[in-house]
Amino acid sequence: MKALNKQTTPKAQRPERIIQFGEGNFLRAFIDWIIYNMNEKTDFNSSVVVVQPIDKGMVDMLNAQDDLYHVNLQGLDKGETVNSLTMIDVISRALNPYTQNNEFMKLAEQPEMRFVISNTTEAGIAFDPSCKLTDAPASSYPGKLTQLLYHRFKTFNGDKSKGLIIFPCELIFLNGHKLKETIYQYIELWQLGDEFKTWFEEACGVYATLVDRIVPGFPRKDIAAIKEKLQYDDNLVVQAEIFHLWVIEAPQEIAKEFPADKAGLNVLFVPSEAPYHERKVTLLNGPHTVLSPVAYLSGVNIVRDACQHPVIGQYINKVMFDELMETLNLPKDELKKFAEDVLERFNNPFVDHAVTSIMLNSFPKYETRDLPGLKTYLQRKGELPKGLVLGLAAIITYYKGGVREDGAEITPNDAPEIMQLLKDLWATGDTQKVTEGVLAATSIWGEDLNNIPGLTAAVKADLDSIQEKGMLETVKGIL
């Protein structure tokens, strides 16, 4: 078996045009895979310099393999099972700014640099007032980026053609808006002046994005077989699902510079990210949140098995297509296609997604993912959506704890005050008190849900049915 490096496999030399903050599994299986496809299928012809955003990371491992690695895509594509391996060759080098700060700052001096892409976790886009312009480097990601931008501004004497296009991929709604605000805070803190501020505003663009691909990461249990198949000793293989979506809130001239659509990729440049964010939260996260307790209390442990179950599968379809889809404002055929893709992802034969892993903090999740749909459905249809109501009753039942019919222990997990509230309410043995008490918890909902017409009676009826007949029979009753 060969080592994986540029001695053992040819590696193309391309101009360095992209700075990427982050070297983790997600960026390598999503962004770098997208750039690989753009290089293969269009004249994009760009390579990536990876910058490690914190002082401990993986750049040494990447450089040991000359920044070559494989992406293993697994899943269903229009019903066909896919399990592919692709060598990604787009990273030219990887830097640690904590030990190579000069090389890091010199990136700003390269005239061909055009894009900055990041995924520094949700906590990465934060303002740290202790950062100084003279730090080598600043501790926060926005601080490092501001240092780089300021150095570029000075190097090219404020040349407007040397601005950068910035795509944050952190999982925060309107991540670009947040990053831009934070850069302004550093411009003010470090007193970088109006000329630089104007250059940043006019020459650079910071664009909100929404990313979507499940990336399980390094394939521990399959790695020996994968290396055998590749005949390379690749220690940076990253596994991901086939589905990918990148929504970028930017004008069409940016799309021309970043021609992902010409490579046949699911990358959309749109005027507003908001409806796509709402679509993902509603049609992917929304069904996840209610199918989990319904499936678990019916004796089903894996998301895929829930989708394929004769009763729970129908329940999931009802919630997605008949209820939640009716509350969104994008074109129906677009929503239907997205929902079908979501079901294919839930059915991925390579991923054993435990329903219990989704049920951490179920009440706050229901509040953001399902409650808006419940209210919109009631407003539009004049009646409550039975599937979403049952999902709420299932969460309340799950938080009772105890044991399942097959003897498996039910161990809910949430904030201590929520756990205590449910314990106290269930101790009364009165489903009316349980229902009213949960719905009245303004600390969870920000309001008293007993005021939603018919909801208290509907949740109580479902709770009673689950106690008397069990979950599966209750589900059959609403189908």
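Could you list, ordered by first residue, the pairs with Cβ atoms under 9 Å in which the first is in region 185-207 and more than 28 Å from Phe269 (Cα to Cα) and in the same structural domain as Pro129 (by TED's automatic domain parsing) and the second is of a type in the set (S, T, N, Q) and part of a loop (DSSP other than H, G, I, E, B), at least 6 apart or interchain?
These pairs meet every condition: Tyr186/Ser140.
Find all pairs meeting these conditions: Cβ atoms under 8 angstrom apart; at least six residues apart or on different chains; first residue within region 232-247 and free of Cβ contacts under 8 Å to residues at least 24 places away in the same chain; second residue surrounded by fewer than 22 Cβ atoms within 10 Å (Cβ to Cβ).
Within 8 Å, no pair qualifies.
I need the full set of residues from region 144-163 which are touching a strand residue (DSSP E or B) at 6+ places or on another chain (Cβ under 8 Å) and surrounded by fewer than 21 Cβ atoms within 10 Å (Cβ to Cβ), in order please.
Gly163
Phe167 - would you say it is aromatic (Phe, Trp, Tyr), within 20 Å of Pro251 (Cα to Cα) and surrounded by fewer than 22 Cβ atoms within 10 Å (Cβ to Cβ)? It would help to see each step written out before you state the result.
Values: aromatic (Phe, Trp, Tyr): yes; within 20 Å of Pro251 (Cα to Cα): yes; surrounded by fewer than 22 Cβ atoms within 10 Å (Cβ to Cβ): no.
Here the answer is no, as Phe167 does not meet what is asked.
So, of the residues in region 202-239 that are more than 25 Å from the chain's Cα centre (by Cα) and crowded, with 16+ Cβ neighbours inside 10 Å, which turns out to be nearest to Ile88 (Cα to Cα)?
Asp234
Cβ-Cβ below 7 Å, separation at least six or inter-chain, first residue in region 359-386 and modelled with pLDDT of 95 or more, second buried (at least 21 other Cβ atoms within 10 Å of the Cβ) and assigned to a loop (DSSP other than H, G, I, E, B): which pairs?
Leu374/Pro385; Tyr377/Pro385
Inside region 413-479, counting only helices (runs of 4 or more DSSP H) that do not spill past its ends, which hold 1 or more residues that are within 24 Å of Thr368 (Cβ to Cβ) and free of Cβ contacts under 8 Å to residues at least 60 places away in the same chain? Talk me through it step by step, then tell me what you get.
On the way: elements: 416-427, 431-439, 442-445, 455-469, 471-478.
Per the criteria, 416-427, 431-439, 442-445, 455-469.
So, in region 252-275, of the ones that are in a helix (DSSP H, G or I) and touching a helix residue (DSSP H, G or I) at 6+ places or on another chain (Cβ under 9 Å), which residue ends up nearest to Lys332 (Cα to Cα)? Spell out how you get there, then give the answer.
Looking only at region 252-275, we keep the residues that are in a helix (DSSP H, G or I), and these are 252-257, 260-263, 274-275.
Subsequent filtering for residues that are touching a helix residue (DSSP H, G or I) at 6+ places or on another chain (Cβ under 9 Å) retains 255, 260-263.
On the way: Ala255: 25, Ala260: 25, Asp261: 22, Lys262: 25, Ala263: 26 Å.
Top of the filtered list is Asp261.
Looking at Glu334, Glu340, Glu344, which one is among the acidic types (Asp, Glu), surrounded by fewer than 20 Cβ atoms within 10 Å (Cβ to Cβ), farther than 30 Å from Leu422 by Cβ and touching a Leu at 6+ places or on another chain (Cβ under 6 Å)?
Values: Glu334 fails: touching a Leu at 6+ places or on another chain (Cβ under 6 Å); Glu340 fails: touching a Leu at 6+ places or on another chain (Cβ under 6 Å).
Only one candidate qualifies: Glu344.
Take the conditions in the same structural domain as Asn96 (by TED's automatic domain parsing), modelled with pLDDT of 95 or more and part of a loop (DSSP other than H, G, I, E, B) and apply them to Ala126. Does it pass? Show your work before the answer.
Numbers: in the same structural domain as Asn96 (by TED's automatic domain parsing): yes; modelled with pLDDT of 95 or more: no; part of a loop (DSSP other than H, G, I, E, B): yes.
Answer is no for this residue.
The values are calculated or read from the model by the stated rules, or taken from the named source; none is laboratory data. Because the structure is a prediction, the values reported are computed rather than measured. For neighbour counting, all protein chains shown are included, and Cβ atoms are generated from backbone atoms with ideal geometry for every residue, glycine included.
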